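Read the structure below first, then the notes.
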Amino acid sequence: MIRIHLDDATRSELNGLRRTDRPAPARDRIEMVALSDGGWSPPRIAGHLGYHPQTVRDRLRDFLARGTAALYPKRPGPAPDTDRRRDVTERLRGLLLQGRTWTSRQLSAALSAGGLDLGPRQVRRYLRASSAGYRRTANSLRHKRDPAKAARAAKVLGNLRRRAGAGRLRLYYLDECGFSPTLPTAYSWCLPGRRKFVDYQSPRGRRVNALAAYRPYGGPPRLEVFTAERTWDSYDLIGFLKALPWARVPRVVALDNASLHVSKVVRRARLGLARLGIYLYFLPPYCSELNEIEPLFRQVKYQEIPVRSHDTRAGLRAAVAGGFDSYRRKLRPKSPGRLRPAA
């Protein structure tokens, strides 16, 4: 009969382990050793813990051979090949950095061509382990921008943000956004086996356009919005700028180089706007991420208008106004902090 006799040091160590949170297999092995030290036979221990007697004998022999290391189950299979894992992870990272799209099957084929035979399922395991994600791609115009101009604009905006946070000026971000009768498809919770369908409406002659200015820094944030069932012109923009809330400090408006913003009418009106304390700062081309009103438009268009289809322009215009009002109630002051440099 197998019998274990513990010395005082091992018995104290075992009692300390019994008072800590351990996995269930480890707790059972500790109890087997402790009961054997107390004079219990393997069949009695097996009946008490619900194991087969031979299993108890194997665990006790393992303890006699390896000591406290035997209290934890051995991991099945060979030891992990860390070098191979690192090699596969680095190769996958190199493939994902390429300017093309990938599926797990395509990645598997690319690895096989390089001498690593992994199936698509194994590739997905490596991707999840490295926190990679299967995400929707997005169009970008960053390759057309001038990096020097983008970096300079980011620096200028950072200075304007800090001055706005100190109350030395009012910084607005301005742009236009169009809304179609059928808004872009978005995500929604659905019942099992069901899918939500949005009634398609032709956008011809039924769009609603919004002209908005967003002031996130320096006091309570503000969002000024005009909506219309027509296209904006230069006189609409000038009137909108003159309608911005009056302030004792200069009002700086950051906007892009759209034809509406750089028209001859607007250029002639800049001197008069300056007399009113309104100054225009034009962002470099293809730097839309520097205009902080762009994420606001996306949030309103995709999240704040739950009814995604409208059969009349009046209904769409009311929904757009309601979406901006809903987002306006959620506005919170932003810290002028450090502006992220343009990539």
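When residues in the range 258-278 are screened for being outside any helix (DSSP H, G or I) and loosely packed, with under 14 Cβ neighbours inside 10 Å, 3 of them pass. For the range 22-43, a tally of residues being in a loop (DSSP other than H, G, I, E, B) and among the aliphatic types (A, V, I, L, M) returns 0. When you scan the range 206-216, do you find a residue that is among the hydroxyl-bearing types (Ser, Thr, Tyr), in contact (Cβ under 8 Å) with a residue 40 or more places away in the chain, over 19 Å from Val307 (Cα atoms) and assigned by TED's automatic domain parsing to the domain that holds Glu304, even just one? Yes.
From Ser131, Ser108, Ser104, Ser140, which residue is over 26 Å from the mean Cα position of the chain (by Cα) and hydroxyl-bearing (Ser, Thr, Tyr)?
Values: Ser131 fails: over 26 Å from the mean Cα position of the chain (by Cα); Ser104 fails: over 26 Å from the mean Cα position of the chain (by Cα); Ser140 fails: over 26 Å from the mean Cα position of the chain (by Cα).
Criteria check complete, one pass: Ser108.
From the list Arg27, Arg75, Arg84, the one residue that fits, being of a type in the set (D, E, K, R), at pLDDT below 90 and within 30 Å of Ala132 (Cα to Cα), is Arg75.
Of everything in the range 2-21 that is in contact with a helix residue (DSSP H, G or I) (Cβ under 7 Å, 6 or more places away or on another chain) and assigned to a loop (DSSP other than H, G, I, E, B), the residue that is surrounded by the fewest Cβ atoms within 10 Å (Cβ to Cβ) is His5.
Consider the range 175-199 and keep the residues that are surrounded by fewer than 14 Cβ atoms within 10 Å (Cβ to Cβ) and hydroxyl-bearing (Ser, Thr, Tyr). The one that is farthest from Leu211 (Cα to Cα) is Ser188.
Only residues that are among the hydroxyl-bearing types (Ser, Thr, Tyr) and more than 23 Å from the chain's Cα centre (by Cα): list them for the range 289-326, please.
Narrowing the range 289-326 to residues among the hydroxyl-bearing types (Ser, Thr, Tyr): 302, 309, 312, 326.
Scanning the range 289-326 gives Ser309, Thr312.
The requirement of being of a type outside the set (D, E, K, R), part of a loop (DSSP other than H, G, I, E, B) and closer than 30 Å to Leu118 by Cα is satisfied by Gly99.
Look at Thr231 and say whether it is within 22 Å of Ser326 (Cα to Cα) and among the hydroxyl-bearing types (Ser, Thr, Tyr).
Numbers: within 22 Å of Ser326 (Cα to Cα): no; among the hydroxyl-bearing types (Ser, Thr, Tyr): yes.
So Thr231 does not fit the description; no.
Given the structure, is Ala210 in contact with a helix residue (DSSP H, G or I) (Cβ under 8 Å, 6 or more places away or on another chain), surrounded by 15 or more Cβ atoms within 10 Å (Cβ to Cβ) and over 22 Å from Pro285 (Cβ atoms)? Taking the combined requirement at face value, the residue satisfies it. All conditions in (1) in a strand (DSSP E or B); (2) at pLDDT below 95 hold for Glu224, with the sole exception of (2). Please work out if Pro147 is touching a Pro at 6+ places or on another chain (Cβ under 7 Å), surrounded by fewer than 14 Cβ atoms within 10 Å (Cβ to Cβ) and within 23 Å of Ser288 (Cβ to Cβ). Against the criterion (touching a Pro at 6+ places or on another chain (Cβ under 7 Å), surrounded by fewer than 14 Cβ atoms within 10 Å (Cβ to Cβ) and within 23 Å of Ser288 (Cβ to Cβ)), Pro147 does not qualify.
The values are calculated or read from the model by the stated rules, or taken from the named source; none is laboratory data. Just so it is clear, the structure is predicted and the values come from calculations on it, not from any experiment. For neighbour counting, all protein chains shown are included, and Cβ atoms are generated from backbone atoms with ideal geometry for every residue, glycine included.
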